[in-house]
Amino acid sequence: MFWAIVPAAGRGARFGGEVPKQYLEVAGRSVLAHTLDALLSHPRVAGAVVALSAGDPRWPGWRELAGKPVIACVGGATRAESVLAALCALPIDVPAEDFVLVHDAARPNLAAADLDSLCAACDAPYAVGAILAAPVRDTLKRADADGGIAATEPRDRLWRAFTPQMFRRGQLTRALAEAAAQGIEVTDEAMAIERLGLRPVLVEGREDNFKITTPADLARFAFEVSRR
């Protein structure tokens with residue numbers, strides 16, 4: 001069994017509007033509720049720690065969902081700070097060598113089969129950890145300062161990183177703490193682990209495990225929900 005960490009302290013500035021995107025409603029429920037359902041409905045997820053902004057007025061105060069514990073803690077100004085705070089808020093009986101899942105609050109369309117594949121990758125002997133991702137399939141262009149095309153970049157062996165990302169509690173705590181101490185802002189958990197000289201595994205996941213960043217993404221998720 002694995003605990004899940006959900007950093008949800010962001011304000012969603014890129015999305016726009018007064019309501020943070022994790023609290024926008026789809027089919028009568030918040031995006032965050034859909035995300036937690038996708039995680040906690042999986043038989044190998046033991047519970048979740050949600051990192052919130054201080055005094056979050058929209059947090060419903062959940063202590064349990066799907067019959068599993070939900071713990072809230074105060075996150076930080078960055079994703080890495082929120083994840084580190086959530087790691088510290090995990091129950092004390094979660095050993096340092098246990099794997100934990102880190103999943104975006106605004107990535108609600110996670111498939112159980114993808115979570116199966118991620119867990120299987122970390123079941124391997126001596127596994128460092130793994131992330132869901134997808135190979136880059138579009139042609140990549142590098143822009144110049146004027147917005148023109150400066151070059152076409154090779155896409156061989158390039159992947160787009162998704163979540164969940166899965167690492168051992170102690171190792172991830174150390175990786176994030178060391179990056180913070182050196183003033184390095186890591187954009188995902190894998191980057192912190194890579195800085196330790198370790199090589200997480202890429203696990204190909206579904207393309208519809210998208211992050212809600214724009215109103216169009218929210219409409220897409222509403223469509224996905226309507227198809228269920």
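The values are calculated or read from the model by the stated rules, or taken from the named source; none is laboratory data. Everything quoted here is computed from the prediction, not taken from an experiment. Using ideal geometry, Cβ is built from the backbone for each residue, glycine included, and neighbour counts are taken over all protein chains shown. Surface accessibility is based on the protein's heavy atoms, side chains included, excluding ligands, DNA and RNA. Shrake-Rupley method; radii C 1.70, N 1.55, O 1.52, S 1.80 Å.
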Within segment 180-216, considering residues that are among the charged types (D, E, K, R) and not in a loop (DSSP other than H, G, I, E, B), the one farthest from PRO91 (Cα to Cα): GLU204
Residue in segment 134-150 that is buried (at least 20 other Cβ atoms within 10 Å of the Cβ) and of a type in the set (A, V, I, L, M) present: no
Per-region count, segment 45-101, residues charged (D, E, K, R) and either surrounded by 15 or more Cβ atoms within 10 Å (Cβ to Cβ) or touching a Lys or Arg at 6+ places or on another chain (Cβ under 9 Å) (or both): 6
Filtered residues of segment 128-142 (kept if part of a loop (DSSP other than H, G, I, E, B) and within 18 Å of the chain's Cα centre (by Cα)): VAL128
Residues located in segment 155-199, provided they are buried (at least 22 other Cβ atoms within 10 Å of the Cβ) and out of contact with any His (no Cβ under 7 Å at 6 or more places or on another chain): PHE162, GLN165, MET166, PHE167, LEU172, ALA175, LEU176, GLU189, ALA190, ALA192, ILE193
Checking LEU36 against (1) open to solvent by less than 40 Å² (accessible area, probe 1.4 Å); (2) closer than 18 Å to LEU101 by Cα; (3) part of a loop (DSSP other than H, G, I, E, B), the condition it does not meet: (3)
Some residue of segment 201-209 being open to solvent by 30 Å² or more (accessible area, probe 1.4 Å), of a type in the set (S, T, N, Q) and either farther than 29 Å from GLY76 by Cα or at pLDDT 95 or above (or both): no
Long-range neighbours under 7 Å by Cβ, at least six apart or interchain, first residue in contact (Cβ under 8 Å) with a residue 24 or more places away in the chain within segment 143-170, second open to solvent by 70 Å² or more (accessible area, probe 1.4 Å) and not charged (D, E, K, R): TRP159/LEU202
Filter result for the condition that a residue is over 15 Å from the mean Cα position of the chain (by Cα), part of a loop (DSSP other than H, G, I, E, B) and either closer than 22 Å to TRP3 by Cα or not acidic (Asp, Glu) (or both), over ALA177, ALA219, ALA145: ALA145
Among (1) part of a loop (DSSP other than H, G, I, E, B); (2) in contact (Cβ under 8 Å) with a residue 40 or more places away in the chain; (3) farther than 17 Å from LEU172 by Cβ, the one test that SER117 misses: (1)
Contacts under 6 angstrom Cβ, first residue in segment 182-210 being under 14 Å from PRO164 (Cα atoms), partner among the acidic types (Asp, Glu), 6 or more apart: GLY205/ASP114; ARG206/ASP114
